[in-house]
Amino acid sequence: MSLIMPTKPMEWKDLPNGEWIQEAVEDKLDPWWPKVFGYHMLSVGPLSATLEKGNLPIGRQFSLGPCSDQNLIGDFSELPIQNGVIDAVVCSLILDFEHDPYKVLRETDRVLIAGGYLFIIGFNPLSPAFVGKLLPQFQQKLPWSGRFFRPSRVKDWLGLLGYQIVADERLGYHHFLSEIHSDSIWQHALQAWLPGSGSLYLLVARKLATPLTPIRERKRARQPKWSTAPSAGRAEHLHNNNQ
């Protein structure tokens, strides 16, 4: 009897070394929470909802997902929330497992206020974690069954939506094919020599009220200054002398 593999992680333990990954993500996010002010925070997906968010000066927190244990039940690409009412959104390991990740970002942008924070966590293809995608026995398992988007591509999407990237960080310098040991020498070496090769990325972006590049006012076309040609006066003078 074959087991049906989940198409997306519903709990951190669905991922290899899931508890370690959760703690690493929480450590990276912890310094950011005191900087987020407002009334409402939205955690998109069950993984985002279970992240520890200490020292968060936000009035109310909501979670959205497909399960009944979330505050709101809905689709990530069609959020049941009105425009511009959310101050911060956490999107943890969502884009890698969605059919249309850009549409998810557009919906997130729709509900965020100007100046709001967007936290995105995803798997980095330019990392040791990509090894699992090359091995047939892991290709249908989480997280390798998802799509790994380069952080630069996600930043391009955010740029199109009018966001400013305020942080781009990496964590988890490991392939996740075996148990993680924090005292691994090669992990520390990889982090020191190739800091951009972390297996997960954290992007922190803020929604801008105005575009990054202001549109310059068009210059008015110069109007030609018409004047009497000098030759006209000379021709009239010669005509009078000949009379």
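Could you tell me whether any residue of the range 93-102 is over 21 Å from Gly159 (Cα atoms) and free of Cβ contacts under 8 Å to residues at least 40 places away in the same chain?
Going through the range 93-102, the residues over 21 Å from Gly159 (Cα atoms) turn out to be 97.
Cutting the leftovers down to free of Cβ contacts under 8 Å to residues at least 40 places away in the same chain gives us none.
For the range 93-102, residues over 21 Å from Gly159 (Cα atoms) and free of Cβ contacts under 8 Å to residues at least 40 places away in the same chain: absent.
Could you say which residue among Glu26, Glu52 is part of a loop (DSSP other than H, G, I, E, B) and surrounded by 13 or more Cβ atoms within 10 Å (Cβ to Cβ)? It would help to see each step written out before you state the result.
Numbers: Glu26 fails: part of a loop (DSSP other than H, G, I, E, B).
The match here is Glu52.
Among the residues of the range 154-176, just one is open to solvent by 50 Å² or more (accessible area, probe 1.4 Å), under 27 Å from Glu23 (Cβ atoms) and in a helix (DSSP H, G or I), namely Lys155.
Only one of these is within 30 Å of Pro57 (Cα to Cα), more than 10 Å from the chain's Cα centre (by Cα) and in contact (Cβ under 8 Å) with a residue 24 or more places away in the chain: Leu126, Leu160, Leu171, Leu118. Name it. Break it down stepwise before answering.
Numbers: Leu126 fails: within 30 Å of Pro57 (Cα to Cα); Leu160 fails: in contact (Cβ under 8 Å) with a residue 24 or more places away in the chain; Leu118 fails: more than 10 Å from the chain's Cα centre (by Cα).
Only one candidate qualifies: Leu171.
For Gly65, are the conditions met, namely being in contact (Cβ under 8 Å) with a residue 12 or more places away in the chain, out of contact with any Ser or Thr (no Cβ under 7 Å at 6 or more places or on another chain) and surrounded by 18 or more Cβ atoms within 10 Å (Cβ to Cβ)?
Working: in contact (Cβ under 8 Å) with a residue 12 or more places away in the chain: yes; out of contact with any Ser or Thr (no Cβ under 7 Å at 6 or more places or on another chain): yes; surrounded by 18 or more Cβ atoms within 10 Å (Cβ to Cβ): yes.
Answer is yes for this residue.
Has the range 97-104 got at least one residue that is in contact with a Pro (Cβ under 8 Å, 6 or more places away or on another chain), at pLDDT 95 or above and open to solvent by 20 Å² or more (accessible area, probe 1.4 Å)? For the range 97-104, residues in contact with a Pro (Cβ under 8 Å, 6 or more places away or on another chain), at pLDDT 95 or above and open to solvent by 20 Å² or more (accessible area, probe 1.4 Å): present. Selection of first residues in the range 138-153 that are in contact (Cβ under 8 Å) with a residue 12 or more places away in the chain and of second residues that are among the hydroxyl-bearing types (Ser, Thr, Tyr) and open to solvent by less than 40 Å² (accessible area, probe 1.4 Å), restricted to Cβ pairs under 8 Å at least 6 apart or on distinct chains, gives the following pairs, ordered by first then second residue: Pro151/Tyr201.
Do you know which residues across the range 38-49 are open to solvent by less than 30 Å² (accessible area, probe 1.4 Å), touching a residue at least 40 places away in the same chain (Cβ under 8 Å) and either in a strand (DSSP E or B) or not aliphatic (A, V, I, L, M) (or both)? Full working, then the answer.
Narrowing the range 38-49 to residues open to solvent by less than 30 Å² (accessible area, probe 1.4 Å): 38, 41-48.
Narrowing the set further to residues that are touching a residue at least 40 places away in the same chain (Cβ under 8 Å) leaves 38, 41-45, 47-48.
Within the range 38-49, Gly38, Met41, Leu42, Ser43, Val44, Gly45, Ser48 qualify.
Comparison of Phe119, Phe138 shows that the only residue that is modelled with pLDDT of 95 or more, open to solvent by less than 50 Å² (accessible area, probe 1.4 Å) and assigned to a loop (DSSP other than H, G, I, E, B) is Phe138.
The values are calculated or read from the model by the stated rules, or taken from the named source; none is laboratory data. Since we're looking at a predicted model, the values are computed, not measured. Cβ: placed from backbone, ideal geometry, glycine included. Neighbour counts: every protein chain shown. Accessible surface is based on the protein model in full, side chains and every heavy atom, while ligands, DNA and RNA are left aside. Shrake-Rupley method; radii C 1.70, N 1.55, O 1.52, S 1.80 Å.
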